1. Return P(r) of the chain (all Cα-Cα pairs; 10 Å bins starting at 0; whole %; ordered from short to long distances).
2. If r is the Cβ-Cβ distance from residue 68 to residue 119 and R0 is 35 Å, what FRET efficiency results, to the nearest 0.05?
3. Quick one: order 104, 7 by neighbouring beta-carbon count within 10 Å, fewest to most.
4. Between the helical axis of 82-107 and the dominant principal axis of the chain, each derived from Cα atoms, what acute angle in degrees is found, rounded to the nearest 10?
5. Using label points projected 7 Å from each Cα along Cα→Cβ, tell me how many nm separate residue 77 and residue 101, to one decimal.
6. Which one, 97, 108, 85, has the greatest fluctuation when you compute a Gaussian network model over the chain with C-alpha springs under 10 angstrom?
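Derivation of every value follows stated rules applied to the coordinates shown; laboratory data play no part. Predicted, not measured: the structure shown is a model, and the values here were computed from it. Methodologically, a virtual Cβ is constructed for each residue, glycine included, from the backbone with ideal geometry; neighbour enumeration extends over all protein chains shown.
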Ligand SMILES: [Zn+2]
């Protein structure tokens, strides 16, 4: 309960926790943040003003399949509530697929490798963002 960030979920699963309930994905969305496998993005940041990429390349959520970072930033700057809805869709999808991948890693006996790869990828991109 109260554990909802990707990095905390991965660490908790590695320690045997398998139940999570947290407002973080929607709260982050209301505060303009997108959760990704490489770290968090604050889409209000001016550097996204002309960014044609989806929030996270390879993500199959409705938001990433339909809208650019630049459009999402436009919605945020215009104070459109749709921005929070679209970011919530992405953040929830990201955590659901992360959990699916964690379950698969447990089933195939590769959890240790998955956790190490996640840590390397997540922290590698954390200092300067993605
Ligand atoms: Zn997405």
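1. Bin by bin from 0 Å, the calculated values are 13, 43, 32, 11, 1.
2. Approximately 0.75, to the nearest 0.05.
3. Lowest to highest Cβ neighbour count: 104, 7.
4. For helix 82-107, the angle is close to 20 degrees.
5. 3.1
6. Sorting by GNM fluctuation, first place goes to 108.
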